[in-house]
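Notes to accompany the following structure.
The values are calculated or read from the model by the stated rules, or taken from the named source; none is laboratory data. All values derive from a computational prediction rather than experimental measurement. Heads up, the Cβs are rebuilt from the backbone with ideal geometry, glycines too, and the neighbour counts pull from every protein chain shown. SASA here: full protein model, heavy atoms, side chains in, ligands and nucleic acids out. Shrake-Rupley method; radii C 1.70, N 1.55, O 1.52, S 1.80 Å.
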2 protein chains.
Amino acid sequence: MALTVPALGLLALLCLFSSEPVQAGKVLVMPVDGSYWLSMKILVEELSHRGHEMVVLVPETSVLIGKSANYTTKYFRVPYTHADLKANLDNIEKNAFEKPPKLTDIVENLGNLIQETGFDVLLTDPFLPCGTIIADSFSLPAVSFLRMIPCLLDVEATQCPSPPSFVPRFFTGYTDKMTFPQRIENTLMAVFDAFLCRKLFARTDELASRYLQKDTTYKEQLSHGAVWLLRYKFTLSRSINCAKKGPLTKELEEFVNGSGEHGFVVFTLGSMVSQLPEAKARELFEAFRQIPQRVLWRHTGPVPENAPKNVKLMKWLPQNDLLGHPKAKAFITHGGSHGIYEGICNGVPMVMLPLFGDQGDNVQRLVSRGVAESLSIYDLTAEKLLVALRKVINDKSYKEKITELSALHRDRPIEPLDLAVFWTEFVMRHKGAAHLRPAAHELNWIQYHSLDVIGFLLLILVTVIFVTVKSCMFCFRKCFKKTQKKKKE
Amino acid sequence: MALTVPALGLLALLCLFSSEPVQAGKVLVMPVDGSYWLSMKILVEELSHRGHEMVVLVPETSVLIGKSANYTTKYFRVPYTHADLKANLDNIEKNAFEKPPKLTDIVENLGNLIQETGFDVLLTDPFLPCGTIIADSFSLPAVSFLRMIPCLLDVEATQCPSPPSFVPRFFTGYTDKMTFPQRIENTLMAVFDAFLCRKLFARTDELASRYLQKDTTYKEQLSHGAVWLLRYKFTLSRSINCAKKGPLTKELEEFVNGSGEHGFVVFTLGSMVSQLPEAKARELFEAFRQIPQRVLWRHTGPVPENAPKNVKLMKWLPQNDLLGHPKAKAFITHGGSHGIYEGICNGVPMVMLPLFGDQGDNVQRLVSRGVAESLSIYDLTAEKLLVALRKVINDKSYKEKITELSALHRDRPIEPLDLAVFWTEFVMRHKGAAHLRPAAHELNWIQYHSLDVIGFLLLILVTVIFVTVKSCMFCFRKCFKKTQKKKKE
């Protein structure tokens, strides 16, 4: 099931669930810290609003997972690795003399908590394995809430067919339509992924086996997940969330309205990159000087003295609110998943500068739909940026196609947040979702692909041919001998 | 997409669709006559209630498709085959002298109708090919509303992966869990299906090619369907419809309430069979005489003189209303798709007597879930029926498991009728659903399975091995010669 969750403020259509009375349940949440938490938090708060008791397990050193009136937090100590220690110079002294807690410490505490509370379901982001392992250990059904896991482990673990002939792999940058050489690369990538998975998750497999005291793998553990709530769609066809547009500040409103008929351009490179190398930045300023549009740029680097007047630099941009403004003409973005969906939702053509991760793949898929232009950050010049920017702004087909894509994207029978809540509650009501588990999990690779059956049938065929040929030859020889004998006689 | 449609009286949750304003559109409907029409009619009427203009194409000789205030009907003449003529003796005279209309006659009429009306979408049951061909001919996006098509042509046409290792084929009677010999049979059946499809639809392919004046197949035509509304689920996990229970007549209410704590048994063999061979019927009466439950039996055959008092024979039964009664203990059924879903919805364990068609498959899937017992109609005896009936009534696990299955079946995020309406309107809003069409359609069988890529990679591997071996041998020989020379010297 491909279920997706909106970013902000979607109204819950409670009437949807009125057919089945929802009993208040108890949900254990094992999140992944950082941006992973931001979207899971929305689901956690929504479940809390609907009356469920939410307990969130938080690592002591959490970055983003804070307390809330909507859920209980339980902190657990985390053993630091040597690398962490080095990075956190200030903490060295304190930690060096402290014995790191063992996994069993966490388990013992958890064991008490779980026995006392009696949870109905565990909600986790399987990007990290803790939640999934805890679910197995305490026989809790797991709801896996996922944006991405390396080497398509989720697809492998759910036994979801994904033929490499039209399902592009990570980092290939291909779309579902591939040429023969591209299909070769994609197939090799699929084989490579399988090896990568084993290598990458070897330690996780070992951890799961040691901790659960049985011979198992992380993939195997994941395969027991009751329901997967996926926050991606590789076709970019229908997915995730369109946040509601909020009002702009008076200052911003004045700036963008002052752009007149030419409108304005929004430029951010995501939460990770706010400062560009000076040479690159200079090229960008040069390009912006030559366009009639105003530009809003999330930039914290040095500003040249003669910076063009049409550019407004800011430390932080209300990206979605700006893109939702009718005067927004183009969006210069690195192609992160949040940014592209905001661009699609608001129907703004894009100029894309992919930096790392899945961004290259995202960009290719949008370019192939004719709603974006892609540029390499490595050899970016003012001239190249100008060409791309003028193209997406002046060639009307970009705006038409993104408007169409936006309409498709927003048109769905049920809001993603409601769907995510429904399936989490479904798992609680039915104590798992064993009936949705495909029987494919009971087959090994050879059986799944029917290679044993094909082998067996080939064996029979070969045997039949062999016996037939031998028999014929035998008969032929007999006859031949007789003829020879007769001739001799 | 597996979307399903309820049989009767489900309330429309209009709030669901309030986010996207629904413009009144024009829908052309090409139904299949008979029971196929009964469920499509529900969708047609619902779309009409929501303000769309519905035009239903009806063959002149229609059995079930009648007029309605909710939709316009357009009749078209149908050419009778020789077999039809023989069967309809009364009509012979009239028809023998009438020139059968050509396909082009229908087309010309339709052409005018379509040009005048400007339809947005064509709704059809692809069990018969007319609708799909008309859609292509007039470039209308098609919504395919399907219960079943032979040899899994729908799966083939949509390029939906369905590995024979865990997806059972028609008429095998297997579930998703198969032994090695069963997998062999299922794989052979899958291969056989592919040949069967070609043979079975050869005339349809020819019809489509001739009529559309291009080289095409029915499968190819089907593959252009925008959205499929499927009224089946082979896993029996979540599907079709639970109708609301209506009140019983006073007479029936008295009869079933008079059954006391033992409750009653419902017995029907579907709309096709209401009369059993006398010997079989006698066995059944004998069995019913020996149970404490009362029995409601849809039976029109001869009744023995000493028929047991606890059996009530009727020409027609309000099956769903009876199964919804709290005193219903068991359901003896032939395993037709309507009946089994009524049994599941109401949570009544079943004794199944499969007769033909997909019934054998349905029965096996319920038996494997521990909610039914299966008997062969051919060697049915009073004793066997008694054993099965007592088992499903007295062994509590049957009731528990069917209650569980019923809960799973009824628990869904959105009503099937609303989903069917949503996707039909989606196709109207977006003039098709080209973005949902998998790129797999542009690949041939060899490409889809990456056999060309595998072949190419194998070729390279073999070449590399060959060159390496040859090079080594060459070097080896050279060295060897030198050594020999040296030795000689």
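Here are a few things to note about the model shown:
- For first residues located in the range A:166-177 and within 14 Å of another protein chain (Cβ to nearest Cβ), partners that are part of a loop (DSSP other than H, G, I, E, B) and of a type in the set (Val, Ile, Thr) and lie 6+ apart or on another chain with Cβ distances below 9 Å form the pairs A:Pro168/A:Thr175; A:Thr175/A:Thr235; A:Asp176/A:Val167; A:Asp176/A:Thr235.
- Filtered residue count, the range A:436-467, keeping only those that are of a type in the set (A, V, I, L, M, F, W, C) and on the phi > 0 side of the Ramachandran plot: 0
- Selection within the range B:132-167 - small (Gly, Ala, Ser) and within 28 Å of B:Ile114 (Cα to Cα): B:Ala135, B:Ser137, B:Ser139, B:Ala142, B:Ser144, B:Ala157
- Cross-chain or 6+ apart pairs with Cβ under 7 Å, the range A:252-281 first and of a type in the set (Lys, Arg), then at pLDDT 85 or above and not in a helix (DSSP H, G or I): A:Lys280/A:Leu380
- Scanning the range B:35-60 for residues that are part of a loop (DSSP other than H, G, I, E, B) and open to solvent by 20 Å² or more (accessible area, probe 1.4 Å) yields B:Arg50, B:Gly51, B:Glu60.
- Note on the range A:350-380: among residues that are part of a helix (DSSP H, G or I) and not polar (S, T, N, Q), the one that is surrounded by the most Cβ atoms within 10 Å (Cβ to Cβ) is A:Leu366.
- Annotation: B:Gly246 fulfils all but one of (1) part of a loop (DSSP other than H, G, I, E, B); (2) modelled with pLDDT of 90 or more; the unmet one is (2).
- Long-range neighbours under 8 Å by Cβ, at least six apart or interchain, first residue not assigned by TED's automatic domain parsing to the domain that holds B:Asp120 within the range B:142-158, second in a strand (DSSP E or B) and crowded, with 21+ Cβ neighbours inside 10 Å: none
- Test: A:Glu93 is open to solvent by 50 Å² or more (accessible area, probe 1.4 Å), modelled with pLDDT under 85, under 18 Å from A:Pro59 (Cβ atoms) and among the charged types (D, E, K, R): no
- The residues of the range A:120-131 that are within 17 Å of A:Asp205 (Cβ to Cβ), part of a loop (DSSP other than H, G, I, E, B) and open to solvent by less than 50 Å² (accessible area, probe 1.4 Å), listed by number, are A:Pro126, A:Pro129.
- Exactly one residue out of B:Thr468, B:Thr483, B:Thr424 is closer than 30 Å to B:Gly51 by Cβ and either open to solvent by 80 Å² or more (accessible area, probe 1.4 Å) or of a type in the set (Val, Ile, Thr) (or both), and it is B:Thr424.
- Candidates B:Leu212, B:Leu188, B:Leu113 - the one that is surrounded by fewer than 21 Cβ atoms within 10 Å (Cβ to Cβ), farther than 25 Å from B:Ser337 by Cα, within 14 Å of chain A (Cβ to nearest Cβ) and not β-branched (Val, Ile, Thr): B:Leu188
- Qualifying residue in the range A:337-349 (condition: aliphatic (A, V, I, L, M) and within 14 Å of A:Phe267 (Cα to Cα)): yes
- The residues in the range A:153-185 that are in a helix (DSSP H, G or I) and open to solvent by 30 Å² or more (accessible area, probe 1.4 Å) can be counted, and the count is 6.
- Qualifying helices (runs of 4 or more DSSP H) (wholly inside the range A:384-489; at least 2 residues being over 30 Å from B:Leu417 (Cα atoms), at pLDDT 90 or above and within 14 Å of another protein chain (Cβ to nearest Cβ)): A:396-410, A:445-448, A:451-488
- Wholly enclosed strands (runs of 3 or more DSSP E) of the range A:253-347 bearing at least 2 residues open to solvent by less than 40 Å² (accessible area, probe 1.4 Å) and under 18 Å from A:Val363 (Cα atoms): A:264-267, A:328-333
- For the range A:384-421, taking the residues that are within 25 Å of the chain's Cα centre (by Cα) and among the acidic types (Asp, Glu), the one that is most open to solvent (accessible area, probe 1.4 Å) is identified as A:Glu404.
- Scanning the range A:195-209 for residues that are under 20 Å from the mean Cα position of the chain (by Cα), touching a residue at least 24 places away in the same chain (Cβ under 8 Å) and open to solvent by 40 Å² or more (accessible area, probe 1.4 Å) yields A:Leu196, A:Leu200.
- Pairing each residue of the range B:381-406 that is closer than 12 Å to B:Met350 by Cα with any residue that is of a type in the set (Gly, Ala, Ser) and in a helix (DSSP H, G or I), provided the two are 6+ apart or on different chains, yields C-beta distances under 6 Å for B:Leu385/B:Ala287.
- Residue match in the range B:132-147 (condition: surrounded by fewer than 20 Cβ atoms within 10 Å (Cβ to Cβ), away from chain A (no Cβ under 14 Å), of a type in the set (A, V, I, L, M, F, W, C) and within 25 Å of B:Leu436 (Cα to Cα)): yes
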